[in-house]
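Input: a single structure, listed below in structure tokens.
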Amino acid sequence: MSGLRVAAGLRGRASTVCQHRLYQLRQLQTQSRWHLDAAVVFDIDGVLVRGQQTIDQARGALQMLGGANRLGRRIPFALLTNGGGVSEATKAQQLSARLGTEISAQQ
């Protein structure tokens, strides 16, 4: 998987962050049973959550990526946001609780 292909169209900091997240996904893949022929990158705000509201389809999408699919394979995903103010570990804990799936700070 080429980070350049995934980051196509992104510029500046967004591209750098995406490249870093892909590196982290590759590291995470070596520690679990992730299937790395494909990966998905989500923006958190407006895609998974909107303010205090969790977007309904987000839970199902993350469960499918987590292995609840017809192949039974986990597909790696990374999360991006420009909504800072908390550490990655704290954000991962908050999202895990809201979305009902384990999200690591490296994602």
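The values are calculated or read from the model by the stated rules, or taken from the named source; none is laboratory data. Since the structure is predicted, the reported quantities are computational estimates derived from the model, not experimental observations. Because the Cβ atoms are built from the backbone with ideal geometry, glycine has one as well, and the counts that use them run over all protein chains shown. Note: accessible area is taken over every heavy atom of the protein model, side chains too, but ligands, DNA and RNA are not part of it. Shrake-Rupley method; radii C 1.70, N 1.55, O 1.52, S 1.80 Å.
Taking helices (runs of 4 or more DSSP H) that do not extend beyond the chain, which have at least 1 residues that are at pLDDT below 70? Walk me through it before giving the result.
Numbers: elements: 3-6, 12-29, 56-65, 88-99.
Result: 3-6, 12-29.
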(request) Quickly run through the range 44-64 and pick out the residues that are more than 14 Å from SER96 (Cα to Cα), open to solvent by less than 70 Å² (accessible area, probe 1.4 Å) and not β-branched (Val, Ile, Thr). (result) ASP45, GLY46, GLY51
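Could you list all residues from the range 90-107 that are of a type in the set (Gly, Ala, Ser) and open to solvent by 50 Å² or more (accessible area, probe 1.4 Å)? Talk me through it step by step, then tell me what you get.
Here is the first cut: in the range 90-107, the residues of a type in the set (Gly, Ala, Ser) are 92, 96-97, 100, 104-105.
Those that are of a type in the set (Gly, Ala, Ser) and open to solvent by 50 Å² or more (accessible area, probe 1.4 Å): ALA97, GLY100.
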(message) For the range 65-86, give me each residue that is open to solvent by 40 Å² or more (accessible area, probe 1.4 Å) and within 17 Å of ASP45 (Cβ to Cβ).
(response) THR81, ASN82, GLY84, GLY85, VAL86
